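Encoded as structure tokens, the structure appears first; notes follow it.
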Amino acid sequence: MAGMVYLVGAGPGDYRLISLKAVDCLKRAEVVVYDRLADDRILGWAPRDAEFIYVGKASSHHTMKQPDINQLLVDKAKEGKTVVRLKGGDPFVFGRGGEEGLLLEENGLPFEVVPGITSAISVPAYAGIPVTHRGIATSFAVVTGHEDPTKGKSNIRWDKLATGVDTLVFLMGVANLPHITEELIENGRPADTPAAVIRWGTKPEQEVLMTTVGTAAEDVKRKGLKPPAIFIVGEVVKLRENLQWFDKLSQKPLFGRTVLVTRARSQASKLTACLEDLGARVIEKPAIAIAAPDDGYAAVDAAIAGIDAYQWLIFTSTNGVERFMERLFAAGRDVRALGYAKVAAIGKTTAGKLASYGIRADVVPQEFRAEGILEALKGKLPPHAKILLPRA
């Protein structure tokens, strides 16, 4: 039975700009064929046991040629796999998704296209530059800045493009800026037309170079700007002076800082969101995984079977709470089985997890560590009290 291929747009850079449908496809993927993404956290939505195949393309360096990528999708679909072809931006905006779809169709294989937010409009937006604006620009064009070098002759109608469209957005054009600006000027675009080069758009490290058509190539060379970047031309560029909302985020306390989060993947997202709200760039690299004990759950299951004998339960982490409750429910019991036992939690977060199961902690120490629990329990334990400590 043939598999299914999803041609998915991953958006412009900020991983939060990916669509809900794209995330849904990734969660079901058995194979992920992905490009050079601006944020690897996007891959975190795919199952850990999925097959990940990198086919990224950087300037002048291709990991895999496009015809080989097309065939790879066909081969994996023929194996009956659910395949996500993940691309930065949108699959059909210079993403070559059409070529991949045509070969899949030729082989009678089903596929769907999941559009992504293209950098052609989102990156200017993050720089405070609308591609259209009443009274200034009523049209815009998205142009490749890197045509197929094997063609020999350009397909771009520079004579029509240079003056026929208000706003021009060139993708993948930084290395080719001298040629682009020369063609624009030769075909009637004034050299003093406002322009901007935007690197790493939508990311915390975004850079915006304000320039003109006539000076852009030299300015980029002087500043040492490298891909990935876009080049935007038109009077709308002037609006950045009053619309640069993203730049104002630099006033946040952690803007420009990079923070490494090593929590377990399932628990990292909340901390990451808080750090990002403070302006930080966050890299998630889990250094811990939560897994079942190698020898199984025999000990905790035995404790649950004799739960009536315990006067106190002490929980030292949310993981301990979750696993204990899982085993309690697996035994066909619920929180009523705890009877009159008192409950202690190492801190507010653990107490909050207990509360989600309808259990209010009797003791939560001021100091969130084991010694704090000992101090808090002084005078509260009856002689010879039997205590259960379910912990990671």
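The values are calculated or read from the model by the stated rules, or taken from the named source; none is laboratory data. These numbers were taken from a predicted model, which means no experiment stands behind them. Neighbour counts are summed over all protein chains in view; Cβ atoms, including those assigned to glycine, are modelled from backbone coordinates with ideal geometry.
Remarks
- Test set (1) in contact with a Gly (Cβ under 8 Å, 6 or more places away or on another chain); (2) under 30 Å from K203 (Cα atoms); (3) among the hydroxyl-bearing types (S, T, Y) - T350 fails condition number: (2)
- Strands (runs of 3 or more DSSP E) (entirely within segment 21-91) containing at least 3 residues that are in contact with a helix residue (DSSP H, G or I) (Cβ under 9 Å, 6 or more places away or on another chain) and of a type in the set (A, V, I, L, M, F, W, C): 31-34, 82-87
- Only one of V114, V93 that is closer than 18 Å to M4 by Cα and touching a Ser or Thr at 6+ places or on another chain (Cβ under 7 Å): V114
- Segment 47-92, residues that are at pLDDT below 95 and aliphatic (A, V, I, L, M): V55, A58, M64
- Among the residues of segment 39-88, those identified as among the polar types (S, T, N, Q) and either exposed (fewer than 14 other Cβ atoms within 10 Å of the Cβ) or free of Cβ contacts under 8 Å to residues at least 12 places away in the same chain (or both) are S59, S60, T63, Q66.
- Odd one out for L313, checked against (1) out of contact with any strand residue (DSSP E or B) (no Cβ under 7 Å at 6 or more places or on another chain); (2) in contact (Cβ under 8 Å) with a residue 24 or more places away in the chain; (3) not in a helix (DSSP H, G or I): (1)
- Whether a residue is of a type outside the set (V, I, T), out of contact with any Asp or Glu (no Cβ under 7 Å at 6 or more places or on another chain), farther than 30 Å from T163 by Cβ and surrounded by fewer than 17 Cβ atoms within 10 Å (Cβ to Cβ) was assessed, and K248 passes this test.
- The one condition in (1) under 38 Å from the mean Cα position of the chain (by Cα); (2) touching a residue at least 24 places away in the same chain (Cβ under 8 Å); (3) not in a helix (DSSP H, G or I) that K353 fails to fulfil: (3)
- Contacts under 8 angstrom Cβ, first residue in segment 1-29 being on the phi > 0 side of the Ramachandran plot, partner part of a loop (DSSP other than H, G, I, E, B) and hydrophobic (A, V, I, L, M, F, W, C), 6 or more apart: G11/I18; G11/I117; G13/A38; G13/W200
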